[in-house]
Amino acid sequence: MRTLFPPLPSGPFDIIYADPPWDYKGQLQHAGEGSQDTGGAVRHYPTVTLDDLKTLNVSSISAQDSLLFMWATNPHLDQAIDLGKAWGFAWATVAFVWDKVRVNPGFYTMSQCELCLVFKKGKIPSPRGARNVRQLVTAKREAHSQKPDEVRLRIEAMFPQFRKIELFARESDGLRFTDHKWTKWGHETNGP
């Protein structure tokens with residue numbers, strides 16, 4: 001059997017933050033007829049099918065009471081809910097709505113927002129930190145697929161005492177990891 005992913009670090013983790021490399025079947029973004037394409041995930045990193053993502057044993061590193069915060073691009077919303085359940089979590093709600101300020105072309109409307117979903121395994125980890133964290137995050141999009149640091153900071157404020165991991169992390173220098181409790185995992189990291 002081929003190995004798609006590097007080994008997961010030892011758990012358990014109470015907070016799992018994931019930005020799966022969703023497969024767009026090679027589809028590129030475009031700005032309209034006669035325009036150049038504006039890229040696509042496949043131009044920036046290897047994408048992975050839903051079936052292959054489901055083989056990652058995230059449940060084995062999650063604590064009995066844990067949360068999964070997962071980024072879902074709008075075309076993959078149904079797949080994200082399916083994936084969270086396959087990883088052993090129950091669907092909870094939308095944790096964060098990221099207003100990217102700048103728009104991307106879309107097939108139906110101009111795309112400006114991305115969702116970070118939250119799933120639960122067991123109970124919400126306790127004791128909680130901040131309970132007044134807002135759902136809407138307004139931050140200009142930067143490099144392809146780079147998520148705003150503000151989301152990670154808000155998760156830290158909500159759950160400051162717990163062990164955290166970022167799956168599919170793309171940072172190799174660790175500068176975006178503000179808390180020593182974060183472990184990073186993915187093909188494009190120097191970690192875990």
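The values are calculated or read from the model by the stated rules, or taken from the named source; none is laboratory data. Note that the structure is a prediction, hence the values are computed from the model and not measured. FYI the Cβ positions are ideal-geometry reconstructions off the backbone, even for glycines, and counts take in every protein chain you see. The protein model used for the area step is the full one, side chains on, heavy atoms only, and it has no ligands, DNA or RNA in it. Shrake-Rupley method; radii C 1.70, N 1.55, O 1.52, S 1.80 Å.
Here are some notes:
- About the centre of its Cα atoms, region 104-148 shows a dipole size close to 380 debye [charges on the beta carbon of Lys, Arg (+1) and Asp, Glu (-1) only; nearest 20 debye].
- For the set Leu167, Leu77, the ranking by accessible area, highest first and with no ligand, DNA or RNA atoms included, is Leu77, Leu167 under a 1.4 Å probe.
- The Leu4 and Arg131 beta-carbon pair, evaluated with R₀ = 41 Å, returns a calculated FRET efficiency of approximately 0.60.
- Those chymotrypsin sites (Phe, Trp or Tyr not before Pro) in region 58-120 that DSSP places in a loop and that have at most 12 other beta carbons within 10 Å: Phe107, Tyr108
- Descending by average beta-carbon neighbour count within 10 Å, the peptides 14-22, 134-142 line up as 14-22, 134-142, the highest first.
- Inter-part distance where region 94-160 and region 63-85 are each reduced to a Cα centre, Å: 13
- Residues in region 139-164 that a label on Ala92 would reach, taking backbone N under 14 Å of a point 7 Å out along Cα→Cβ: 154-164
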